[in-house]
1. As a test of reading the structure, rank Phe112, Phe843 by solvent-accessible area (1.4 Å probe, protein chains only), most first.
2. Calculate the FRET efficiency for Arg322 and Ile512 from the Cβ-Cβ distance with a Förster distance of 56 Å, rounded to the nearest 0.05.
3. Highest first, please rank the peptides 144-153, 71-80 by the mean number of other Cβ atoms sitting within 10 Å of their residues.
4. Taking 7 Å along the Cα-to-C-beta vector as the label spot, tell me the Ser647-Ser741 distance in nanometres, rounded to one decimal.
5. Once you place label points 7 Å from the Cα toward the Cβ at Gln872 and Ser151, how far apart are they in nm?
6. Using Stokes-Einstein with the Kirkwood hydrodynamic radius over Cα pairs, what translational diffusion coefficient do you get for segment 714-857 at 20 °C and a viscosity of 1.002 mPa s, in µm²/s rounded to a whole number?
7. As an exercise, identify the chymotrypsin sites (Phe, Trp or Tyr not before Pro) in segment 685-787 lying in DSSP coil whose Cβ has no more than 15 other Cβ atoms within 10 Å.
8. Output the peptides 715-721, 609-615, 851-857 sorted from most to least packed, where packing is the average of other Cβ atoms within 10 Å over each peptide's residues.
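The values are calculated or read from the model by the stated rules, or taken from the named source; none is laboratory data. In this text the structure is predicted, and so the values were computed from the model without any measurement. Glycine gets a Cβ as well: all are built from the backbone with ideal geometry, and neighbour counts include every protein chain shown. Ligands, DNA and RNA are excluded from the accessible area calculation, which covers all protein heavy atoms including side chains. Shrake-Rupley method; radii C 1.70, N 1.55, O 1.52, S 1.80 Å.
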Amino acid sequence: MSFEHSGAAQITMEEVRQRAQVSLLKTGQAQDARADVQHLARLSAPLSQKYVHLRAGAMLRENTEGKSHQEVLESLVRLSKALGILEKYGCNLTSPTRPKYWRTVKHNNPVFRTTVDAIKGGRAVLYLYGYTQQQIDGLSFPEHVCDPDTSTVVAVTVEVMTLRTEVDLLLKGTHPHPEHFRHICPFLVPEQEESPEPECDAVMIPPREQPVVQQSPKVPPKPAPRIKTLPRAPPVVSDCSLCGSASMFVCASCNHQNFCDACDDLYHRHPGRAAHKRDALHQAKPDPCSICGVELVHSLCSTCRQKLCQKCDRLFHSHPDRVGHNRSLLTPRTASSWECCHCTTVNELRAVLCVTCDRPRLSTAPPAPTAAPDPLQSPTAEWQCRSCTMLNPGSSVLCEACERPRLATKPPAPPVKTSTTGFESLAPPPTKWMCQFCTYVNTKPGSMCEMCSLSCKDPGAAVSLPAALLTSQVSKSTPGPPVAFVVPRPKLDLQAETQRQKALMEDGLSLIKHIREAEGRGFSPEEVYAALSMCGGSNINPCDWLESELPHLLDEICAIAASVQTTAAKHHGTRPQEEGEGGVKLSRAEAKQSWLSAGGDTEAAVRKLLQDRQNKLRELQALGFRDVGRCEEALRQSGGELKGALSLLQRPLLEPYHQRIWTTQTEPPVDHTDPDRQRSCRRLLALYDLPSWGRCELVLSLLQEEGVTFSLEDVVQAVKESPDRDVIKRLLQNECGVCYSTFPVSKMRSLTSCQCSLCLECFQKHFTIAVTEKHIRDMVCPACDDPDINDPEQLDDYFSTLDIQLRNCLSPDVYDLFHSKLTEHTLMKDPKFLWCCHCTSGFINDVDQLKVTCPSCHKSFCCKCKKKWEAQHQDVSCEQFQKWKRDNDPEFQKQGLAGYLRDNGITCPSCRFQYALTKGGCMHFTCSQCRYEFCSGCNNAFHKTACRTAGCTLNGLHAHHPRDCLFYLRDWDPARLQDLLKKSNVAFNTEPTAADVVCGVMEQKDTGQHLDQPCGGETKPGQAGLCEKHYREYLVSLINLHSLDPAVLFDLQELILACTRYHVPVLRTEGESDPHYRDRLLQKLMEVPLGDKVPRNQ
């Protein structure tokens, strides 16, 4: 049974821990997981089960071991504060918006030094968070870590919060399970002897059955126990000594004062009272909240049938659908809370507004619902005022007579005391009665109130004489007990009342007419009301009076106010200021405002004008403006507005500052040698937008070091990048890969293809020359020649990023030239792009025919064989046309094999540009159009660095040639080549067509300038009028044309060398003969295909 209970507790603890971690992970706010953490701290479990990541027991033992009782309390207080700081570190790491400098924790931080570093085990918690890299001034995350491990950080943070809660409960003495800390903090957990439970022999009586009396067996008497000291009973619950609410603790060190939970936390937070020992008061444990299951029940909702704590009640009933639920408090009302009269939400004592409906604390209850208006009544129909019975049009909201709202109820009437004695006729006539509208006590009998001119229609509105007076009068005339008499209501004159209401309506309509006219002419209703008081009973239109007479009246008010002030100055013995010396200067705007405030009374307007002017002068003088004349003039110019006058007075004072701001002179530079260090730091903050005052101090200290040659801007930029002094020095000292000078990183440029750094000057010069004088493929790094221009993928990525880097470095014309070359480079990749064989122009050919015409030179050629267009090429293939020229063209026959080699020249495999050159000589050919480097014998690319061929370890200039490439076959003798042709029955020429003694085949000389020149080699008999080099080329072209494999003529050593080159196993079996070994190697080698890019032209 105990095992099952332990398993259930473990499941509950895991569920609470998981819920707390989820709450903290969502928002990163500690208060969202506080309830679950408190529940987790109050669970009964060993520390090893409750804390998975933290070594809670070891941390408590290390901070309290070998200390006295007082020292243990002080150590636990420091531990609680340190855990609070560690909790904030964890919340910052889990927050969706982490701080800017979350990666580092500085040891020189005074808060860190006095809290986390002051306890043992604090840095171990930081290691659990991820701060595992030791720095000079603190801890930080490793450089390869981009984001913290939020799952681990959340788990550790929840355990830190739980341990802090348990330490606080131990300090307060309210921990529900202190036995788990007895072996760690024996001072805080005294051992108590448990008294044996009394035995009971009562038997439970089942319902609806007679009780069965069962005698208990006789037990032999037990010996009397030894007298022992029983534990002191907990104190009796009473009110808090500070706030008056229900108390939870009593402090013996504070003269046995009682404290509630909130007051205890605030009062004992003081360092002088933090070590006080408080005892928990004995009180019954109420039911927990039905939502959170942790806090105590505060209120019961009869609508949703739930028992809620104060926090859950506030959150749950804040929903609009549950605001009107009826809740009742389960605990007696104390001074620590108050209930809203509107929504019945229980709020804290410190709250001024209700947290649910935002109504004030002292607001009254909502009024009872009035009777709903008749839905059948038209909204435009007339309605009768319930107060004065005036009939008003349906469009009006207020009564035209008494100005009460349309839905206002009738004012309550005082109760009427009726008499049943039959002595009403003995009452004297009424002498006083109170109006039910304005509560004025009238002394004359009548139906009209002397104050508000309204009639009293309520029979109870009449005010009877005092009871004592009436009683005394009756007692004089009639013997017997005193009788209270009621004064009868005077008779109502309906005709006079109708005339009065009609007059009121006419006056109201006239006033509305004047107001509407005034609005059209630009006057306010207040001006109309004041003008009517000035016009009196005359027939003058108030708007006309405002236009003609008001300016003169305002000037008169200003003059009267000036004379009054002058007279007062003479009376007090001061010298009055003359008008020319800046005397009293009042504006019409001020006079008009005062006149309107006075309701049209001129004398009152003068008094208010002078009073307002004096108040404004006092405010300006309090702000530091002592010159009364200037203040008077500023108020006059601003029309009496205080803000406008203040702006006018401040303008001359700010003029030097404005002149300095808008001057054309440059701002003086910051002098780091200025002895006023604070002034230099303030200027750095203002000019360079540094993040903190410490960064400004760092800039000044770096500039004041010996041998520093960096500029202020370079140092500021480096300090913005990092606060570390060593990192800053590395950022300021970078060597250029071309000129080997030292520059800051802000003045260096790096390409994406390599790790080389170039200074800005070398970067600009190199790429300017490369764009204007070289090919676009020459625009590589000048230090390492990266990237490999023969790799199309690297080249495309490289040019896409190079375009962005050159945009701000090159001049506009050079950058435009770069863009045009880049466009040509892109167009050359189009399969429809053609180079003209007559000129060096290229274009896109959209015509699907052999004959194309160059748009630049307007000459025609064949789009396939790139030969000059002739009429004989029409409707025949290129091979048929070449055969016709060899058989019928005398000029072609005269050129012989030299013309054949020229017509079957070199074609660039990248841009397909055709050269009328032979392949003899150097096989490393560079295309003049696209700068592509390839072998002219097999068209394979030449690589300057390591290539992507499998098994290739070459790092210099190299190409992978097939075995039938001219690169290998040019070393054979012509006779051996002829034997290979004869073996395959391929015809070849040996006799020349002309008696030339010099070879006239055109070739590209490797002189660095790529010039095309005749070969000039000596011819020999039997080589068809060619030099030996070009005759070999001729024979190899026939071998390639017929795809002959030269391996059939390899000897054993050549076979072994070729198999090694193409990764063919050459292992020889024991006892294998040379012929058999050669045949096996030849068979394996011939399985390797010939070159797929070798030209095989007709």
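1. Highest to lowest solvent-accessible surface, that is Phe843, Phe112.
2. The pair Arg322/Ile512 has a calculated efficiency of 0.75.
3. Taking the mean over residues of other Cβ atoms within 10 Å, the ranking is 71-80, 144-153.
4. If labels sit at Ser647 and Ser741, their model points lie 5.3 nm apart.
5. For Gln872 paired with Ser151, the spin-label model returns 8.1 nm.
6. So the translational diffusion coefficient is about 120 µm²/s.
7. Those that pass, being in a loop and sparsely packed, are Tyr740.
8. Packing proxy ranking, top to bottom: 715-721, 609-615, 851-857.
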